[in-house]
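Undergrad: Mind looking over this structure? Questions follow.
The values are calculated or read from the model by the stated rules, or taken from the named source; none is laboratory data. From a predicted model like this one, the values you see are computed outputs, not experimental measurements. Note that each Cβ is placed from the backbone with ideal geometry, even for glycine, and that neighbours are counted across all protein chains shown. With ligands, DNA and RNA removed, areas are computed over all heavy atoms of the protein, side chains included. Shrake-Rupley method; radii C 1.70, N 1.55, O 1.52, S 1.80 Å.
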Amino acid sequence: RRKRKRRKKMSASMGTTTKRTMMSFISRRGAEMASVSSSSSSSSSLFFPSLKEGRHTTMMAKKECVFRNGSPRWGRRHSSSTSTGTTSTVERAQNVVQTYKDLSKFKLSAFVVSTAAAGAIVGTAVSNDDESGKGAKKKKEENKVAKKIKTILDASFGTALCAFSANSLNQILERKQDGMMARTMRRPLPSGRLSVGNAMAFAVTSGICGTWYLNEYTNETTAMLGSGNILLYACVYTPLKQVHWLNTWVGAVVGAIPPMMGYAAASDLKFSNENEDTSGSFLQEHLAKGMVLPLAVYLWQMPHFMALATMGRDDYIKGGYRMLTHPSFDPTLRRAGNVAVRNSLMLLPLGFIAANVGLVSKDSTFRYEAIALGAPLVATAFMFRHKANITSARRMFYGSLAYLPLFQTALCIRNRQHYYSSNKDEKNEYDGTNIAKLLMTPIIALHDLFAVDDSCPQVVLAEDKEHEEDKNDIENDDK
């Protein structure tokens, strides 16, 4: 008995010394981090928000274990610095970049940029470079290939900045709701990785720079569409999500504007043309051609978001969002199924519309290719309407991901073929333009496919819920 008592006392004393050692290590690490933050300049508080105040330093010292998808990973980001007690500048910069990528929803923004680039590629085929007017001689002297590629890149970069601003403002306004939902609670603002002031500074700066860049390097029409889309997304769509289920239709309009931005930038679409005699016909022609891709994106978003709203139904209820799939609006999900079926069916005749407005040739196979591409999405939408559950919603979700990039690729290729068939004299002289655009369209398609994360939060939540239901069914069968 005496020996046992001695062993217990020794183990207790060893435990207290271990705790004291760990606490002293944390305090020393916090002091070192505070010294680093105090020695930094005033501008470092903007780009290194976690070092802005001393109260964040101990929190960073305790977060040696970096979590992702709930699994701990020890020492990946601090493997080289734990021995010395200081965090390297490279690792801090990586953390800051990742924080702002999460704030701007980088993958969603890349998806938006891909649609704008597709619209710009289509718009380069109908640009008015040959029109007479101010600067017409300079346009003829410039290299057309380099100019068109530069226009596509300018439109993409400006659209990216506007998307960063809109997504950041969305997270600022929804930071309380994001903290209530499992799929968004790890975002920068709810998790405390970034302050509201720094997030607002990033949103305002990117929005102003994006609007200025589009106005400076494309035209005022594209800049107006970009700034208007930021306001529509942040000031109308975001607050409407907690009021009425019509927010999905407003969000679809927001998603359809970037392709129009790319088209307006590439075709030099302006509402005030210097040549008043041709301004009316010019606007009618370009608006008809430029609305095909935005219409496709608008209609595509309905089955896509109905699938997302169904898979994350419980999470949206926790956040207080009034989606159409809310039990008070659609308890059986029949209305959501009808919306998905109706809009997916409206995607089928887009090939014939593109041929009628002159975006592709009259006898182009794109008319039937559009039907073939939309048929699987229509089938999954009918299956979702017949039996609305997580499995059918997930199937429709992945079907929607496959449709849009393939449609964009086919439209860009057929559009370029129609352009060079109608301009045979320029085909041999500027054959590099055709090759460049055909090489860029598969890249845009790949961007669309991988813009959505493999571990999509709604899909993960839906799969977890489905596994729980299967376990409950097995337990009930055993009973």
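Undergrad: In the stretch 346-355, what residues are open to solvent by 50 Å² or more (accessible area, probe 1.4 Å) and within 25 Å of the chain's Cα centre (by Cα)?
TA: M346
Undergrad: Out of everything in the stretch 142-156 that is buried (at least 18 other Cβ atoms within 10 Å of the Cβ) and of a type in the set (A, V, I, L, M, F, W, C), what residue ends up being nearest to T205 (Cα to Cα)?
TA: Among those residues, the one meeting the criterion is A155.
Undergrad: Would you mention how many residues in the stretch 356-387 are surrounded by 17 or more Cβ atoms within 10 Å (Cβ to Cβ), at pLDDT below 90 and either part of a helix (DSSP H, G or I) or not β-branched (V, I, T) (or both)?
TA: Of the residues in that region, 3 qualify.
Undergrad: Here is a follow-up. Scan T211, T221 and give me the residue that is touching a Lys or Arg at 6+ places or on another chain (Cβ under 7 Å) and over 22 Å from R187 (Cβ atoms).
TA: So the residue among T211, T221 that is touching a Lys or Arg at 6+ places or on another chain (Cβ under 7 Å) and over 22 Å from R187 (Cβ atoms) is T221.
Undergrad: Looking at the stretch 285-342, which of the residues that are within 30 Å of A354 (Cβ to Cβ) and of a type in the set (G, A, S) is surrounded by the fewest Cβ atoms within 10 Å (Cβ to Cβ)?
TA: A288
Undergrad: Can you name every one of the helices (runs of 4 or more DSSP H) wholly within the stretch 58-157 that holds 3 or more residues which are at pLDDT below 75?
TA: Here the list reads 136-141.
Undergrad: Can you name the residue in the stretch 388-406 that is open to solvent by less than 10 Å² (accessible area, probe 1.4 Å) and among the small types (G, A, S) and, of all such residues, is farthest from the chain's Cα centre (by Cα)?
TA: This residue is S392.
Undergrad: Hey, can you tell me all the residues within the stretch 317-339 that are outside any loop (DSSP other than H, G, I, E, B), touching a Leu at 6+ places or on another chain (Cβ under 9 Å) and in contact (Cβ under 8 Å) with a residue 12 or more places away in the chain?
TA: Correct list: A336, V339.
Undergrad: Would you mention how many residues in the stretch 164-175 are among the small types (G, A, S) and either surrounded by fewer than 20 Cβ atoms within 10 Å (Cβ to Cβ) or closer than 22 Å to G319 by Cβ (or both)?
TA: 2
Undergrad: Check off (1) under 22 Å from D154 (Cα atoms); (2) among the charged types (D, E, K, R); (3) assigned to a loop (DSSP other than H, G, I, E, B) for E216 and give me the number that stays unchecked.
TA: Condition not satisfied by E216: (3).
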